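Asker: Just dropping this structure here.
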Amino acid sequence: MTRQKFFPLDELAQKIAHLKDQGKRIVLANGCFDLIHVGHIRYLREAKARGDILVVALNSDRSIRQLKGSGRPLLEEGERVEIIAALEFVDFVTIFDDLTVEKVLRRLQPHVHAKGSDYSPETVPEKETAKAIKADIAITGGPKVRSTSDIIKEIKRKFSPGQE
């Protein structure tokens, strides 16, 4: 069952500390993952290739509403956890309630902080935190091909009245 990959942050921190003691390289990726598309898969698959253990921190429903506005998320956090945990290259999933993943970075202290290709090393919001904990920043996933917001706009356009 994929649910066993999900842990609250404090419990996950203990598991990650144990894995680090075993010499495992930890990678942290994060995002809303509100409607999974190929860009998400490429981002996470390449992030996993940067280490031994991939932790995905999902924005909570509340933080998505703050970041994306009303109408989001499309899928509630429990569903998003189950979807992300079902990916074979994802080892652990947690949820965070803030607008950035800085607290998760500080708590887990991964070796690598992976961000998608909509960022550059200079624009990563948590770059100073990553530097302070000596985590490498990796931009993964190749060229930006899709965004959930663009997909939502396309769906609205295709299925608006008169477009049948």
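Every number here is computed from the coordinates shown, using simple stated rules; none is lab data. A quick note: this is a predicted structure, and the numbers were derived from the prediction, not measured. When we count neighbours, we look across all protein chains shown, and the Cβ atoms used for this are built from the backbone with ideal geometry, even at glycine.
Asker: Quick one: the Cα spread of the chain along its three principal axes, in angstroms, biggest first?
Answerer: 60, 36, 27
Asker: Right, next: Using the basic label-point model (7 angstrom from Cα toward the beta carbon), what is the Glu11 to Glu154 distance in nanometres?
Answerer: Computed distance between label sites Glu11 and Glu154 equals 3.7 nm.
Asker: Which order do the peptides 110-118, 83-91, 67-75, 31-39 come out in when sorted by mean C-beta neighbours inside 10 angstrom, highest first?
Answerer: Ranked by mean Cβ neighbours within 10 Å, highest first: 110-118, 31-39, 83-91, 67-75.
Asker: Ratio of alpha-carbon Rg to the 2.2 N^0.38 Å globular estimate for the range 90-164, to two decimals, please.
Answerer: That ratio works out to 1.48.
Asker: Can you give the Rg to Rh ratio of the range 1-64, both from alpha-carbon atoms, with Rh computed by the Kirkwood formula?
Answerer: Over the Cα atoms of the range 1-64, Rg/Rh equals 0.98.
Asker: Still on this model: Are there any helices in the chain, counted as whole DSSP H runs, that stretch 30 Å or more along their axis by Cα and score at least 0.5 on average by Kyte-Doolittle, and if so which?
Answerer: none
Asker: Further question: Over 19 Å between Cα atoms: which of Lys68/Lys153; Lys15/Lys103; Lys20/Lys115; Lys15/Lys115; Lys103/Lys134 fall into that group?
Answerer: From the list (Lys68/Lys153; Lys15/Lys103; Lys20/Lys115; Lys15/Lys115; Lys103/Lys134), the Cα-Cα distance tops 19 Å for Lys20/Lys115; Lys15/Lys115.
Asker: Under a 5 Å amide H to amide H cut-off, with H placed in plane at 1.01 Å, what residues pair with Ala114 once short-range neighbours are removed?
Answerer: HN-HN under 5 Å from Ala114: Leu28, Ala29, Ala138.
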